[in-house]
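Colleague: Here you go, one structure.
The values are calculated or read from the model by the stated rules, or taken from the named source; none is laboratory data. All of these numbers come straight from a predicted model, not from anything done at the bench. Please note: Cβ atoms are built from the backbone with ideal geometry, for glycine as well, and neighbour counts cover all protein chains shown. The area values use the complete protein model at the heavy-atom level, side chains included, leaving out ligands, DNA and RNA. Shrake-Rupley method; radii C 1.70, N 1.55, O 1.52, S 1.80 Å.
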Amino acid sequence: MSIPPANLPPIQDMPPSGGYAKIDTVRSLPARGPKGWQLWAGTSLAIMYGFYQVGQYNKASNQQKLEERKVRYAIAPILQAEADREYLERELVNIRKEAEIMKHIPGWVAGRSPYHSVKWMPRRIAPFDRNCK
């Protein structure tokens, strides 16, 4: 069993002589990065530089597009002449096929439009026998 406390003197915890050390409650946090105005200035400079780069790229891109257009305008007549030559070759082949197919029809003129119109319209580019096979 335990000893009854009535016979012992009371024991009480007391502060040390001179008292406890003062508890530091002041917040002393270190600086955590740049100030707000520094962030704002840095971001503004980055945005201005970005817009400058976009402008320079647009100038260069427009210059490149202008040069490409000039080249295309210069070779357009050559390409058109080649396309016309290819069209005439296909047209001659089509007229020969038409003449062969319609040779038994009296009065049929190969190459003449069956429509009565004064407006010239090119034939379809596809060969006649595409769907006949």
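Colleague: Does region 97-108 contain at least one residue that is small (Gly, Ala, Ser) and in contact with a Lys or Arg (Cβ under 9 Å, 6 or more places away or on another chain)?
Modeller: Within region 97-108, the first condition is being small (Gly, Ala, Ser), and the residues that meet it are 99, 107.
With the extra rule that they be in contact with a Lys or Arg (Cβ under 9 Å, 6 or more places away or on another chain), the set shrinks to none.
No, region 97-108 contains no residue that is small (Gly, Ala, Ser) and in contact with a Lys or Arg (Cβ under 9 Å, 6 or more places away or on another chain).
Colleague: Sticking with this structure for a sec: Return the total of residues in region 98-112 being of a type in the set (D, E, K, R), open to solvent by 70 Å² or more (accessible area, probe 1.4 Å) and within 54 Å of the chain's Cα centre (by Cα). Let's see the steps before the verdict.
Modeller: From region 98-112, those of a type in the set (D, E, K, R) are 98, 100, 103, 112; that's our starting set.
Okay, now just the ones that are also open to solvent by 70 Å² or more (accessible area, probe 1.4 Å), so 100, 103, 112.
So of that shortlist, the ones also within 54 Å of the chain's Cα centre (by Cα) come out as 100, 112.
Residues in region 98-112 being of a type in the set (D, E, K, R), open to solvent by 70 Å² or more (accessible area, probe 1.4 Å) and within 54 Å of the chain's Cα centre (by Cα): 2 in total.
Colleague: Give the residues of region 30-50 that are of a type outside the set (A, V, I, L, M, F, W, C) and either within 21 Å of the chain's Cα centre (by Cα) or open to solvent by less than 90 Å² (accessible area, probe 1.4 Å) (or both), sorted by residue number. Can you show your working first?
Modeller: Within region 30-50, the subset of a type outside the set (A, V, I, L, M, F, W, C) is 30, 32-36, 38, 42-44, 49-50.
Gly33, Pro34, Gly36, Gln38, Gly42, Thr43, Ser44, Gly50, listed by residue number.
Colleague: Restricting to region 62-97, give me the number of residues that are open to solvent by 90 Å² or more (accessible area, probe 1.4 Å), charged (D, E, K, R) and closer than 15 Å to Pro122 by Cα.
Modeller: Result for region 62-97: 2.
Here's the yes/no breakdown for (1) open to solvent by 80 Å² or more (accessible area, probe 1.4 Å); (2) among the polar types (S, T, N, Q); (3) not in a loop (DSSP other than H, G, I, E, B):
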| site | (1), (2), (3) |
| --- | --- |
| Pro15 | no, no, no |
| Ala21 | yes, no, no |
| Asp24 | yes, no, no |
| Tyr52 | yes, no, yes |
| Gly55 | no, no, yes |
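Colleague: When you look at Glu67, is it at pLDDT 95 or above and assigned to a helix (DSSP H, G or I), yes or no?
Modeller: Answer is yes for this residue.
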